[in-house]
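Have a look at the structure below before the remarks.
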Amino acid sequence: MSASAEKIPAQREAVPRSVQTVLDALEKLRFGAIQLTVHEGKLVQVDITERHRYPN
């Protein structure tokens, strides 16, 4: 196993929960918007709006 492959799990553990929330939303969202609310330079809220489109 290479040295870079060993670092990946440790890097994922170090990701703050708020950032992981955004990453998870990006993976799952097909159509919609992700709005981030920042107060005093810190992420405090993540709003996810998902859009569903249906053919006529």
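Other residues with beta-carbon under 15 Å from the beta-carbon of Glu50 carry, at +1 per Lys or Arg and -1 per Asp or Glu, a net charge of +1.
Suppose R0 equals 22 Å; then what is the FRET efficiency for Thr21 and His52 from their Cβ-Cβ distance, rounded to the nearest 0.05?
Using R0 = 22 Å, I get an efficiency of 0.55.
The HN-Hα couplings worked out from phi for segment 41-53 by the Karplus form 6.51 cos²θ - 1.76 cosθ + 1.60 (θ = phi - 60°) are x, 10, 5, 10, 7, 10, 10, 10, 10, 9, 10, 10, 10 Hz, whole numbers, x standing for Gly and Pro.
Computed from the coordinates by the stated procedures, all read-outs in this text should not be read as laboratory data. Worth saying up front: this structure is predicted, and the values here are computed from it rather than measured. Cβ atoms come from the backbone with ideal geometry, glycine included; neighbour counts cover every protein chain shown.
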